[in-house]
Structure formats: C-alpha cells, structure tokens
Amino acid sequence: MANHILNHFGMSNNDQPDLAWIAQIQGINVQYVPWIEGDASGWFRENDGHPIIEISSNKSRTHQRFTLAHELGHYFMNHGDRARDTYQQFRLREPEEISANRFAAEILMPKSKVEEFLSQGLSQAQMAERFGVSYESMGYRLDNLGYEYDREYVF
C-alpha cells in the first residue's frame, strides 16, 4: 500500500516524500501539540468526519516524521481512531499498530531504495540522513529486511 501511495502522489523516486503534502491533499488536518492523551507520540482520529492527526511536538524531528507516516498508515488502512506508542500497545503488540509501523517503514524507507543505497555502499548513518529518519529506525528497517547493520550506538 505504501508504494502504491508513493506512486499515486508521484513521490516514488523521492528520498524524503512530503508526508505533510500527502496529508493536506487527503484533507487531513495535521497538528503539532505539546501533549497527547496517554503521552502518545501521535494520534489519528476523525472529528465529525474530518480526519485529524496530532503529533507530539516534544519528540525529535525524525520521531515526528515516523509518527506522521505511522498515523497516515492508520488513515489509509481505515483503522479508525488510533494513538501511537502507548504503553498498552507495546505490551499487547496490537495488529493495527504493527501494520501501521510497517506502512511507515515502507513509505519512509522503501525496500527498493534501501537496496539501491546498499548497492551504492551507503552506510546506515548515510541512509538515515538521506531518508530523514533516525539512525535507530534505519537499523530496524535494515534488520527487518534481513541486512546486517551497525549495532553500535551513536552519541
């Protein structure tokens, strides 16, 4: 689904697709707020049929970007009102959260682009910068795709 959306919006070749523009075209109101119920990173909900995504402004730029992609996943997969990164979700491993995380990973770090960057010899850190994601997110993506990566922490 993520690749279909990138193709639909003409962003399949972009290293960093404009997620805010996708949300705007879809009529989604994206709001950056200091606190979200349950101390979540983000929340997708509808208010009288109008989709809204709230993103915690207290998180890093890369975390906010992943959260926006995750919440767009809930929107495109019709999951209904959903929060991200609550303690209960981590504990229960909810299927909707897992699929929204997979959507976010694919829309931000498409497998084909990851493989292209690997063939060019880019490091995990270089790929994270190109994709506009955290070093850790890039590591998880490489691991989930079956590739080795630097497991050292960057300070």
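Take Gly132 and decide whether it is out of contact with any His (no Cβ under 8 Å at 6 or more places or on another chain), at pLDDT 90 or above and either open to solvent by 70 Å² or more (accessible area, probe 1.4 Å) or at positive phi (or both). So Gly132 passes the test. Going through the stretch 1-23 one residue at a time, which ones are open to solvent by less than 20 Å² (accessible area, probe 1.4 Å) and in a loop (DSSP other than H, G, I, E, B)? Once the filter is applied, which keeps residues that are open to solvent by less than 20 Å² (accessible area, probe 1.4 Å) and in a loop (DSSP other than H, G, I, E, B), the stretch 1-23 yields Met11, Pro17.
For residues in the stretch 24-76 being without any contact (Cβ under 8 Å) to a residue 60 or more places away in the chain and among the aromatic types (Phe, Trp, Tyr), which is surrounded by the fewest Cβ atoms within 10 Å (Cβ to Cβ)? Filtering first and then ranking leaves Trp35. You will find that of Ser112, Ser57, Ser12, Ser41, the residue that is under 14 Å from the mean Cα position of the chain (by Cα) and hydroxyl-bearing (Ser, Thr, Tyr) is Ser41 and no other.
The values are calculated or read from the model by the stated rules, or taken from the named source; none is laboratory data. Only a predicted model underlies this, so the values are computations on that prediction, with no experimental measurement involved. We place every Cβ from the backbone using ideal geometry, glycine too, and count neighbours over all the protein chains shown. In case anyone asks, the SASA skips ligands and DNA or RNA and just uses the protein heavy atoms, side chains included. Shrake-Rupley method; radii C 1.70, N 1.55, O 1.52, S 1.80 Å.
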